[in-house]
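Some notes on the structure that comes next.
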Amino acid sequence: MRLTDKKKNWLIVLGLIAVPLLIFVIHVQLNQPESMTGDYIRLWKSTWHEKNKEWLYPMKFICLGILGLLAGSGLMIALSKSERWK
């Protein structure tokens with residue numbers, strides 16, 4: 001697929017926005033406590049996640065939605081044959 005310079009630039013911008021969001025989602029998911037046992041609760045990450053779960057987990061789902069929108073936008077830009085992208 002041949003992409004114009006304008007398309008390439010927009011795809012790079014979308015990628016630069018998506019990378020920090022993806023890192024955030026992966027961080028939350030990997031450090032999410034599955035069960036709060038006595039041994040596990042003493043770990044810093046699990047207590048931090050437990051204290052901040054009111055905003056942390058909803059934010060994870062918001063970031064997933066934004067990532068979906070960015071992926072859809074990137075696909076539309078890449079496959080667009082409109083004069084706007086030439």
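Every number in this text was worked out from the coordinates using simple rules, so none of it is lab data. What you see is a predicted model; the values in this text were computed from it and never measured. Methodologically, a virtual Cβ is constructed for each residue, glycine included, from the backbone with ideal geometry; neighbour enumeration extends over all protein chains shown.
Some observations on this one:
- Ordering of 14-21, 51-58 by burial proxy (mean other Cβ atoms within 10 Å per residue, highest first): 14-21, 51-58
- Cross-link partners of Lys53 among lysines (Cα-Cα below 27 Å; sequence separation of 8 or more within a chain): Lys45
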